[in-house]
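The values are calculated or read from the model by the stated rules, or taken from the named source; none is laboratory data. Given the structure is predicted, the values throughout are model-derived calculations rather than measurements. So basically every Cβ, Gly included, is an ideal-geometry build from the backbone, and we count neighbours across all protein chains shown.
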């Protein structure tokens, strides 16, 4: 049973992880692990459409996971906090140990 004090932090944490659970947003975040990229570079790396990338970048900016820097005519996107990359690296490490179980788990159906 969730206590009244505990529930809001769990809801906020679940909302954060929903941001990472979308395949398009996760592809963008993975692309940015190599450093700042423009929208067109993100499109090229991920294979997503420009409109899809733009929509997901807006989401990632709004929730504070990404920062934007204008360089001339172009905007470049990067992690707002280095801990975002650390979280992705941690996920890689965990998957190194549990990937088979996650892959075969019947309770986690891929939506993307």
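Anything in the stretch 58-70 that is under 15 Å from residue 36 (Cα atoms), over 10 Å from the mean Cα position of the chain (by Cα) and part of a helix (DSSP H, G or I)? List them, or say none. Give the derivation first.
At the first step, the residues of the stretch 58-70 found to be under 15 Å from residue 36 (Cα atoms) are 60-61, 65-70.
Still in the running and over 10 Å from the mean Cα position of the chain (by Cα): 61, 67-70.
Result: 61, single match.
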- Considering every residue within the stretch 71-90, establish whether at least one is under 16 Å from the mean Cα position of the chain (by Cα), without any contact (Cβ under 8 Å) to a residue 12 or more places away in the chain, surrounded by 12 or more Cβ atoms within 10 Å (Cβ to Cβ) and not in a helix (DSSP H, G or I). no
- Among the residues of the stretch 60-83, write down those that are at pLDDT 95 or above, closer than 19 Å to residue 18 by Cβ and in contact with a helix residue (DSSP H, G or I) (Cβ under 7 Å, 6 or more places away or on another chain). 60, 65, 66, 79
- residue 41: at pLDDT 95 or above and either within 16 Å of residue 17 (Cβ to Cβ) or exposed (fewer than 11 other Cβ atoms within 10 Å of the Cβ) (or both), yes or no? no
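Okay, residues lined up against (1) buried (at least 16 other Cβ atoms within 10 Å of the Cβ); (2) modelled with pLDDT under 95; (3) over 18 Å from residue 68 (Cβ atoms); (4) touching a helix residue (DSSP H, G or I) at 6+ places or on another chain (Cβ under 6 Å):
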{"site": "16", "(1), (2), (3), (4)": "no, yes, yes, no"}
{"site": "32", "(1), (2), (3), (4)": "yes, no, no, no"}
{"site": "45", "(1), (2), (3), (4)": "yes, no, no, yes"}
{"site": "50", "(1), (2), (3), (4)": "no, no, no, yes"}
{"site": "53", "(1), (2), (3), (4)": "yes, no, no, yes"}
- Message: Of everything in the stretch 18-30, what is touching a helix residue (DSSP H, G or I) at 6+ places or on another chain (Cβ under 8 Å) and either part of a helix (DSSP H, G or I) or within 14 Å of residue 77 (Cβ to Cβ) (or both)? Give them in sequence order.
- Response: 19, 20, 24, 25, 26, 27, 28, 29, 30
